[in-house]
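Trainee: The following block contains the structure, expressed as structure tokens.
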Amino acid sequence: MAVSGGSVRSIDLFSNEVLADPYPAYRLLRDAGPAVYLERIDAWVLARDASVRTALTDWETFSSAAGIALTDGVNQALKGMVLASDPPEHDQLRAVMSERLAPRVLGGFRGSVREQADIMVRDLVYRRSFDAVDDLARAFPVAVLLDLIGLPEDGRDQVLRWADGAFNAFGPDNERLRQALPVSRHKIDYLASVVASGRLTPGSIGHGIYEAAERGEISHESCVNLLAALVDAGLDTTINAMSNVALLFSEHPEQWERLRADRTRIPAAFNEILRLETPVQAFARGVTTDYDLDGVTLPAGARALLLYGSANRDERAWTEPEKFDIGRDASQHLAFGRGIHVCAGQGLARLEAHALLSALLEHVARFETGEPERRLNNTVRGLSHLPTTVTPA
Ligand code: HEM
């Protein structure tokens, strides 16, 4: 086990071993208290559901502007991004974003998202064997989101590399972070050039953000940052969530049978997938004032690391948390965060996931998967490959 022989304080949350299977370490951290200081990353780790929930709903004490990443350099570079801001700046950036991702706007895309899901799944079922990460979990959100944002075709091939880089950059100063930094700079340069040359598709979400900048509601720099936030936040998250669909349902065929028998449970099943294998494992906050968290004092100026992936498996909050059960009500999970930064794109994520699950239920009777290959990332949890064979419905 990852921490055998050492104390809980010696846990290396970002070692390959723990990233591959973080759950034993998370349990030790939860049992150790409401917050545990880890010197290695100079941060107080909040691993319990109640601790993470408290921090997420108190932005004045747990500030995003004071840093959502684990290194000062990256936090400096994130200034002006919606994720890394506090009110009032946050409210203004978020309003521009939320308006474009509102249910009434997304409703207009519902038909085409469903159609794309159906075409993709039909093709994969015809092939019978495919890679559930490359051919399904990646291909689908890339096609949907980049059309929605309105990015031109050239440059799309680099987008996945950007998203991966962005999530590695939130971590500690390790090799994964160092490889991510030049990629993030390239992304911002590219998006700035697309905006400057007026190449965002008219009518797209990205073009709407550009128009808000033209009207003076936000700066042109913020416009580029919001586009980057959409690309980063909207891809790797959804991809990792979807890569778990084939894996979890091949491991639990009885749950697939259950869902096939009652499709009204699709939203509940997606919540359960997000709870059990939370795509975004953690984000940090800066503690602005001395704070008593259930008897542990977090000092002003400290960094807190909020472990969503651990909170969602906290036995204090969930019955049999390790069990995959689409019958449970998992709607209170923290996979989308909570409070003022709660995922602005969750409507789109649900739209995509529900469309994909519907198409799979229509066409697939059973999944069989080979050895999954895990992709180790400082923030997101998911797979890089999953050989999959399906039995047609
Ligand atoms: C299953 C898929 C997704 C997951 C698990 C996820 C997760 C999250 C989480 C945990 C946060 C909160 C961060 C914090 O606490 O600081 C967040 C924020 C955000 N997400 Fe998502 N996300 C997903 C999909 C998307 C999509 C599809 C988009 C947009 C296209 C999106 C856009 C955003 C934005 C813009 C924010 C920042 C909101 C703010 O700072 O006010 N996300 N997401």
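Trainee: Over the chain, what relative contact order in percent results from Cα pairs under 8 Å that are six or more residues apart?
Mentor: Dividing the mean separation by the residue count of the chain yields 27 percent.
Trainee: Taking the Cα centre of the range 93-161 as origin, work out the dipole magnitude from +1 charges on Lys and Arg Cβ and -1 charges on Asp and Glu Cβ, in debye rounded to 20.
Mentor: With only Lys, Arg, Asp and Glu charged at Cβ, the dipole is about 320 debye.
Trainee: Report, in debye and to the nearest 20, how large the dipole of the chain comes out about its Cα centre when Lys and Arg carry +1 and Asp and Glu carry -1 on their Cβ.
Mentor: I would put it at about 420 debye.
Trainee: Once you keep just the Cα pairs under 8 angstrom separated by 6 or more residues, what percentage relative contact order results for the range 216-338?
Mentor: This gives 27 percent for the range 216-338.
Trainee: For Tyr291, what residues show an amide H to amide H distance below 5 Å, using hydrogens built from the backbone and excluding near sequence neighbours?
Mentor: Hits under the 5 Å cutoff: Leu298, Ala300.
Trainee: Hey, another quick one. Using only the alpha carbons, work out the radius of gyration and Dmax of the chain in angstrom.
Mentor: Expressed in Å, the Cα Rg and Dmax of the chain come to 20.4, 60.
Trainee: Round to a whole angstrom and tell me the spacing of the C-alpha centers of the range 191-217 and the range 329-378.
Mentor: Cα centroid to Cα centroid, the span is 29 Å.
Trainee: Continuing with the same structure: Tell me, what are the semi-axes, in whole angstrom and largest first, of the equivalent ellipsoid of the range 314-365 as set by the roots of 5 times the Cα gyration tensor eigenvalues? Write down the numbers at each step before the final one.
Mentor: Values: eigenvalues 111, 78, 7 Å².
With the √(5λ) rule applied to the range 314-365, the semi-axes are 24, 20, 6 Å.
Trainee: As a test, work out the antiparallel percent of DSSP beta bridges whose residues both lie in the chain, rounded to the nearest 5.
Mentor: Antiparallel: roughly 90 percent of the beta bridges in the chain.
Trainee: Given the DSSP H assignment, sum -39500 (n - 2.57) over each helix run of at least 4 residues in the chain and divide by its residue total; what's the result at 222 nm in deg cm²/dmol, nearest 500?
Mentor: -15000 deg cm²/dmol
Trainee: If you don't mind, there's one more thing I want to ask. So for the range 8-392, taking the charge dipole from beta-carbon charges (+1 Lys/Arg, -1 Asp/Glu), which of Val287, Thr71, His186 sits furthest toward the positive end?
Mentor: In the range 8-392, that residue is His186.
Trainee: Continuing with this model, one more query. Hey, could you pull the Cα Rg and Dmax for the range 1-154, both in Å?
Mentor: 21.0, 56
Trainee: Oh, and also: What percent does the relative contact order of the range 269-375 come to when contacts are Cα pairs within less than 8 Å and at least six residues apart?
Mentor: Relative contact order, the range 269-375: 28 percent.
Trainee: Would you please name the GluC sites (Glu not before Pro) within the range 230-332 that are DSSP coil residues with at most 14 other C-beta atoms within 10 Å of their C-beta? Mind dumping the intermediate values first?
Mentor: Details: sites: Glu251, Glu254, Glu257, Glu272, Glu277, Glu315, Glu322; in loops: Glu277, Glu315, Glu322.
Qualifying residues, ordered by number: Glu315, Glu322.
Trainee: What is the Cα centroid distance between the range 259-301 and the range 59-86, reported in whole angstrom?
Mentor: About 18 Å separates the Cα centre of the range 259-301 from the one of the range 59-86.
Trainee: Quick one: which residues, 5+ away or cross-chain, put their amide H under 5 Å from the amide H of Phe283? H built at 1.01 Å from N.
Mentor: Residues meeting the criterion, in which the H sits 1.01 Å from N, are Leu306, Tyr308.
Trainee: Same structure again: Pop out the ³J(HN,Hα) list for the range 60-77 in order, Karplus 6.51 cos²θ - 1.76 cosθ + 1.60 with θ = phi - 60°, rounded to Hz; leave Gly and Pro as x.
Mentor: Whole-Hz 3J(HN,Hα) from phi for the range 60-77: 5, 7, 9, 8, 7, 5, 7, x, 9, 9, 8, 10, 5, x, 5, 4, 4, 5.
Trainee: Okay, moving on. Using +1 at the C-beta of Lys and Arg and -1 at the C-beta of Asp and Glu, which of His385, Tyr37, Leu13 has the Cα lying farthest in the positive direction of the dipole of the chain?
Mentor: Of His385, Tyr37, Leu13, it is His385.
Trainee: Could I ask something else about it? What is the set of long-range amide H partners of Arg375 at a cut-off below 5 Å, with H atoms built 1.01 Å from backbone N?
Mentor: Residues meeting the criterion, in which the H sits 1.01 Å from N, are Gly382, Leu383, Ser384.
Computed from the coordinates by the stated procedures, all read-outs in this text should not be read as laboratory data. If you're wondering where the values come from, they're calculated on a predicted model, not measured in any experiment. A quick note on method: Cβ atoms are made from the backbone with ideal geometry, for glycine too, and the neighbour counts reach across all protein chains shown.
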